[in-house]
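S.K.: Take a look at this one; I'll ask things after.
Since every read-out is calculated from the coordinates, none of them should be taken as a lab result. Note that the coordinates shown come from a computational prediction; the quantities given were computed from them, not determined experimentally. Glycine also receives a Cβ, built like all others from the backbone with ideal geometry; neighbour counts cover every protein chain displayed.
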Amino acid sequence: MHRRHGSGTHCCAVRPSPLKPRVHLFVCANRREDGSPLGPGCADAGERLFDILKSEVTRRREYGDVWITRTACMGVCPRRGAAVAMYPRQKLWADATPADAAAIYAQAIADVAEAARDAAEPGGGAP
Ligand code: FES
């Protein structure tokens, strides 16, 4: 469905989702062909890191606050480990390995707390 706006431009009908996490982690698990000049991709490290982070959300039952999404390439393309991005506070790590999962999750929880404090302040409600 297209709507005409006052400016005369068209856009698709979209609506804001009522569901949104306080923190959203994107974990690259892109896999490239052997011999790619761009390297192997985040591949196994990203898959393992994604699984660990998802398991942690489940274990802690923080489904509403922390979302973990497996992605394709985010343009970082580390030679080892995986790229992980965290929003809304715009953190981006390269070379993350499964051994870093606990530290990354701890940072996510710190950001959840910070987002909750921001939302509680008068005029708050930061994303
Ligand atoms: S392959 Fe993971 S960021 Fe490019």
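S.K.: Among rounded, prolate and oblate, which fits the range 23-119 when a ≥ b ≥ c are the square roots of the eigenvalues of its C-alpha gyration tensor, a/c under 1.5 means rounded, and a/b larger than b/c means prolate?
M.R.: Values: a/c = 2.58, a/b = 1.94, b/c = 1.33.
Because a/c hits 1.5 or more and a/b exceeds b/c, the range 23-119 counts as prolate.
S.K.: Select from the range 24-113 those chymotrypsin sites (Phe, Trp or Tyr not before Pro) which occupy a DSSP coil region and have at most 13 other Cβ atoms within 10 Å, ordered by residue number.
M.R.: Of the chymotrypsin sites (Phe, Trp or Tyr not before Pro), the ones in loops of the range 24-113 whose Cβ has at most 13 other Cβ atoms within 10 Å are Tyr63.
S.K.: Also, I was wondering about something else. List the residues whose amide H sits under 5 Å from the amide H of Ala82, counting only those 5 or more places along or on another chain, with H placed 1.01 Å from N in the peptide plane.
M.R.: The list, which skips near neighbours in sequence, is Asp95, Ala96, Thr97.
S.K.: Relative to the longest principal Cα axis of the chain, at what angle does helix 101-120 sit, 0 to 90 degrees, rounded to 10?
M.R.: Long axis of 101-120 versus the principal axis of the chain: about 10 degrees.
S.K.: If I fit a long axis through the Cα atoms of helix 43-60 and take the longest principal axis of the Cα atoms of the chain, what angle between them do I get, 0 to 90°, rounded to 10?
M.R.: Once rounded, one gets 60 degrees.
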